[in-house]
Amino acid sequence: MEQVTLKVEGMSCMHCVNSIEGALKEQGISGSVDLKAGTVSVNYDAGKFSLEDIKELIEEQGYTVA
């Protein structure tokens with residue numbers, strides 16, 4: 001398992017948290033949003049997903065991965 005913390009722009013409320021965490025969970029990826037820090041911490045299987053896949057999942061929800 002790999003762990004990464006990504007800086008994500010555009011998050012401001014619990015809807016943002018639920019949107020990102022839900023999209024990751026649907027793919028079997030564990031993710032946790034920290035609104036104050038503007039980050040998403042993700043644990044994922046590097047054999048199944050690349051870092052680019054993770055970024056794309058977040059960006060598909062309407063946020064920008066910095």
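Values quoted throughout were computed directly from the atomic coordinates according to the rules given, and no laboratory measurement underlies them. Nothing here was measured: the structure is a model prediction, and the numbers come from that model. Because the Cβ atoms are built from the backbone with ideal geometry, glycine has one as well, and the counts that use them run over all protein chains shown.
Enumerate the residues in the stretch 8-40 having an amide nitrogen under 18 Å from the point lying 7 Å beyond the Cα of Leu51 toward its Cβ. Output list for this probe position: 8-9, 30-32, 39-40.
Over all pairs of different C-alpha atoms in the chain, the reciprocal of the mean inverse distance, the Kirkwood hydrodynamic radius, equals 11.5 Å.
DSSP loop GluC sites (Glu not before Pro) in the chain with at most 13 other Cβ atoms within 10 Å of their Cβ, which ones?
On the way: sites: Glu2, Glu9, Glu21, Glu26, Glu52, Glu56, Glu59, Glu60; in loops: Glu60.
Those that pass, being in a loop and sparsely packed, are Glu60.
Go ahead and collect, in residue order, the members of the stretch 27-55 whose backbone nitrogen is under 11 Å from a label point 7 Å along the Cα-Cβ direction of Ala66. From the stretch 27-55, the list is 37-39. Among the trypsin sites (Lys or Arg not before Pro) in the chain, those located in a DSSP loop and surrounded by at most 15 other Cβ atoms within 10 Å of their own Cβ are Lys36, Lys48. Where a Cα-Cα gap under 16 Å defines reach, which lysines qualify for Lys36, not counting those fewer than 8 residues away within the same chain? Qualifying lysines at Cα under 16 Å: Lys7.
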